[in-house]
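The values are calculated or read from the model by the stated rules, or taken from the named source; none is laboratory data. Keep in mind that what you see is a predicted model, and the values were worked out from it rather than measured. Here Cβ is always computed from backbone atoms with ideal geometry, including for glycine, and neighbour counts include all displayed protein chains.
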Amino acid sequence: MRNEKGFTLIELLIVVVIIGILAAIAIPQFASTKEKAFDAGAKSDLRNLMTAEEAYFSDFQAYTASSVSGGGTADLDGDGNADFQASQSISLTATAYTDGYQITAQHASSNKMWCVNSSASEASGAVGQIVQATSC
């Protein structure tokens, strides 16, 4: 009588199948979480540029147009100092109107674009709320 220790082939196959099932569940959840993180970053930068636009307005009583690509800076008032810096991979575009602005933001790895419009005369969606760009 031999004293053999180890797992049988059936036991190993069951473990492999269980790991496969767990991976099939976890991978789509991870992709969804990454997409949410990219969108949160874009919305955060959008809010920061809104603050910079309002600071510019308090100094000059007008809004300014700007475009910032991933990691870039914007000198809104032309004094040579950066008034806003975008996060990596996030692009923003601000359009100035006489009574407000519209800003759009998008992360390079996301297919969603976010926008906010503070101009009551130019808005087609909710004024002052961050929404997906199709309704701005």
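Run residue 49 past the list (1) under 25 Å from residue 32 (Cβ atoms); (2) crowded, with 19+ Cβ neighbours inside 10 Å and report the number of the one that doesn't hold.
Result: residue 49 passes all but (1).
Take the range 52-62 and flag every residue that is small (Gly, Ala, Ser), surrounded by fewer than 17 Cβ atoms within 10 Å (Cβ to Cβ) and either at pLDDT 95 or above or part of a helix (DSSP H, G or I) (or both).
Selection gives 55, 58.
Can you pull out every residue in the range 74-107 that is of a type in the set (Ser, Thr, Tyr), assigned to a strand (DSSP E or B) and over 18 Å from residue 36 (Cα atoms)?
Passing the criteria: 93, 95, 97, 101.
Give me a count of the residues in the range 63-85 that are loosely packed, with under 12 Cβ neighbours inside 10 Å and of a type outside the set (S, T, N, Q).
Number of matching residues: 3.
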